[in-house]
Amino acid sequence: MVKTVSSPLAGAGARLLAALALASAFAAQAAPTFEDSIAQRAMACTACHGKEGRAAPDGFYPRLAGKPAGYLYNQLLNFRDGRRHYGLMTGMVDLLSDDYLLEIAQYFSSLDVPYPPPLPPAAPPDVLRRGQALVQQGDPARRIPACVQCHGQALTGVTPNIPGLLGLPRDYINAQLGAWKTRQRQSHAPDCMAQIADQLGTDEVAAVSSWLAAQPLPAVTHPAAALPAPLPVACGSAALPSRKQP
């Protein structure tokens, strides 16, 4: 009778194969199912702009969720067509069609997620008072309209093309007003924000951004449906493709 002696190497090989089979089965169960949906494709945006487009914690990448679709669409066009300059954004959208950019804009506009509470103001009271006056009253002597005249009395924006100004970090607001002054950020002509930014001094930009960033959101954070009066200045924007308007 021949006695069979099992090899230690053979036993180790069998254990390795079993472990690999188990790992493969676990990976198959854990791997997310790919869905060809705008929600899944938009995850490329949330890598920078935060989960569901809620904004990144570093204050550099702004909130996308809930902003008017026309505004988001305009900004995507501006990045693609060279009116705004940020290489990472341009590289993501430079080959995308108008219809696809609108689909992205409408997706993020449809999201209704909470805003974080504002941070305590980091500016002295006199600076905050100056910022509040510019936001709520403007400076008629210099033909600077109040922010509320365009962005709504609640400052939550106006559909379809005007963004809200609350829930944004101070540094982001500073950076965008500075970008308009240097023409790193532009819009369709007439570029009303560039004209307004040109009239503001550096200290006034800081005052406006400090006051806005410290304001709590109202109970209703959605953009207003319309303004109570015509815009005080002419502002250019791209028209939404009519067949895909939300």
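See the values below:
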| item | result |
| --- | --- |
| Pair list, Cβ < 6 Å and 6+ apart or interchain, from the stretch 76-94 residues that are closer than 21 Å to A189 by Cβ to residues that are among the polar types (S, T, N, Q) | F79/T90; R83/Q186; R84/N78; H85/Q184 |
| In the stretch 88-113, the residues that are closer than 18 Å to C48 by Cα and open to solvent by less than 60 Å² (accessible area, probe 1.4 Å) | M89, T90, G91, V93, L101, I104, A105, Y107, F108, S109, L111, V113 |
| Among residues of the stretch 89-115, those that are aliphatic (A, V, I, L, M) and either touching a strand residue (DSSP E or B) at 6+ places or on another chain (Cβ under 8 Å) or over 29 Å from A214 (Cα atoms) (or both), counted | 7 |
| Filtered residue count, the stretch 54-75, keeping only those that are open to solvent by less than 30 Å² (accessible area, probe 1.4 Å), within 26 Å of A224 (Cβ to Cβ) and without any contact (Cβ under 8 Å) to a residue 60 or more places away in the chain | 4 |
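The values are calculated or read from the model by the stated rules, or taken from the named source; none is laboratory data. Because the structure is a prediction, the values reported are computed rather than measured. We place every Cβ from the backbone using ideal geometry, glycine too, and count neighbours over all the protein chains shown. Ligands, DNA and RNA are excluded from the accessible area calculation, which covers all protein heavy atoms including side chains. Shrake-Rupley method; radii C 1.70, N 1.55, O 1.52, S 1.80 Å.
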